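Since every read-out is calculated from the coordinates, none of them should be taken as a lab result. Since the model is a prediction, treat every value here as computed from it, not as a measurement. Quick reminder, even Gly has a Cβ in these numbers, built from the backbone with ideal geometry, and neighbours come from all protein chains shown.
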Amino acid sequence: MTTSKKKPATKKINRLAVKHGAVPPSVQVQHFNEDQWEEFIEEACQRRPGGEHIYSFVKKLGGAGDGGRDIEARLVEQQVAGQWDLYQAKHYASGITPSVFFPELGKFFRNLLAGVYKSPRHYYLCAPKNAGNDLHNLFADPATFKETFLDAWEKGNTGFKNKTGLLTDDLKRLINAFDFSRIRECLVRDLIEWHSENKKRHYSLFGIEAERGDDPLTPHTPDGSEMIYVSELLRVYEEHHGTPVSLADVLASTRYAEHFSDQRSYFYCAEGLKQFSRDIYGEDEFVAFLTLVQAGIRPWLNSLKTKTGLERLEDVLQGVNTLKLSDSVLAKTLRPNDLPGSCHHLANDKKIKWVK
């Protein structure tokens, strides 16, 4: 009689999951109101990657008096011609058509002529359904775009009904001199990608939850990455024992081996938290978490009543579990041994010592 082999359990990995009932960001933005859409674009611009071209100033304007400039994003602190981008937000249930966009573009040129703002590097149209096919084709052919735009304004069609009188000779000269390749569509997928650079805000806004995978297994013997906090523990055991002890002594000891094993399991639990933080939020989030822990354990770490390193270690590991670290985005994913383990990570980073 044969028996089937049991499949090994699949290791859970750190991943992102959409909350129950939530829909993808590309769908959610279609249900924003106009203010939410403008705020989303502002937040996306604040995180837009670009090396030396990253924005140094981003502000949502919108409303009356904005001059057709919903978001102003500057490459330098002051508004300088060719050193800032204009983002025009349009929130419609379908792709933007020329008849919707042309009047907005006309407003832009009138304000440019009036000196309300300097000429931007780029003019971006932002819409949750992007540009419709007709407008998309115009963006792809700047010369035809300019010709079609001016012709529509002169004839009073495509959104310019009763507005032909606004097209003065000076304004026409300005439009003819303007490079229409600078007028572009900013795709919603790009806005979502930029916005996702601020992971905490992005996940919160779109109902995305981070799921923590399995923690790494504790190796049978300490490896090179553990040597600093392990040496701190050896100092604790030496002080307690009254004579020098080596790692081999501790591993073979009936007195210290189990205690040492517990400390290493704490360390590797927190190592799992560190890897989760790195995979989901980036390196800085775990560093910030350790900073909160270090501040929280100071009363036990620096207590004048504590006489030995072992007392200090035990007091800190007991006290750290009482800390409320709700300011950290990692708080919701903490496991029982994360906080004690984070203390050993602080020791491993040479931030704290048990024996003073």
Hey, which of these cross-link pairs are over 29 Å Cα-Cα: K90/K118; K274/K307; K324/K356?
K274/K307
Grab the alpha carbons of the range 302-356, take their convex hull, and tell me the volume per residue in Å³.
94 Å³
Express the Stokes-Einstein translational diffusion coefficient of the range 38-102 in µm² s⁻¹, to the nearest whole number, given a Kirkwood radius over alpha-carbon pairs, 4 °C and a viscosity of 1.567 mPa s.
101 µm²/s
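Could you work out Rg/(2.2 N^0.38 Å) for the range 85-133, with Rg from alpha carbons only?
Details: Rg = 11.6 Å, N = 49, 2.2 N^0.38 = 9.7 Å.
Ratio of Rg to 2.2 N^0.38 Å for the range 85-133: 1.20.
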With the crude spin-label approximation of a point 7 Å out along Cα→Cβ, what separation in nm comes out for E314 versus K155?
9.1 nm
Can you give me the distance in nm between label points at R184 and R201, each placed 7 Å from the Cα along the Cα-to-Cβ direction?
2.1 nm
Using alpha carbon centers only, the range 188-214 is separated from the range 115-140 by a whole-angstrom value of 26 Å
Could you work out the relative contact order of the chain? I mean the mean sequence separation of Cα pairs under 8 Å and 6+ apart, divided by the number of residues, in percent.
17 percent
Can you order the peptides 242-255, 306-319 by their average number of other Cβ atoms within 10 Å per residue, highest first?
306-319, 242-255
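What value in Å³ per residue do you get for the convex hull of the alpha-carbon atoms in the range 174-272? Walk me through the numbers on the way to the answer.
Working: hull volume 20.6 nm³, N = 99.
Taking the convex hull of the Cα positions in the range 174-272, it is 208 Å³ per residue.
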Could you grab the relative contact order for the range 15-208? Cα pairs under 8 Å, six or more apart, rounded to a whole percent.
26 percent
Over the range 127-225, equivalent-ellipsoid semi-axes from the Cα gyration tensor in Å
54, 15, 12
Check: C-alpha center the range 78-97 vs C-alpha center the range 307-356, spacing in Å is 49 Å
Scaled radius of gyration (Cα, divided by 2.2 N^0.38 Å) that the range 216-349 gives:
1.06
Surface/4 of the Cα convex hull for the range 9-148, nm²
12.0 nm²
Radius of gyration and Dmax for the chain's Cα atoms, expressed in Å?
30.2, 98
Enter the angle in degrees (range 0 to 90, nearest 10) between the Cα long axis of helix 309-319 and the first principal axis of the Cα atoms of the chain, meaning the one along which they spread out most.
50 degrees
What is the gain in length, in nm to one decimal, between L304 and D141 on full extension, counting 0.36 nm per residue of separation less the C-alpha to C-alpha distance?
51.1 nm
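Can you tell me the order of 271-284, 176-189 when each peptide is scored by its average per-residue count of other Cβ atoms within 10 angstrom, highest first?
In decreasing order of mean packing, 271-284, 176-189 become 271-284, 176-189.
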Run lengths n ≥ 4 of DSSP H only: what is the helix-derived mean residue ellipticity at 222 nm for the chain, with -39500 (n - 2.57) per run over all residues, to the nearest 500?
-14000 deg cm²/dmol
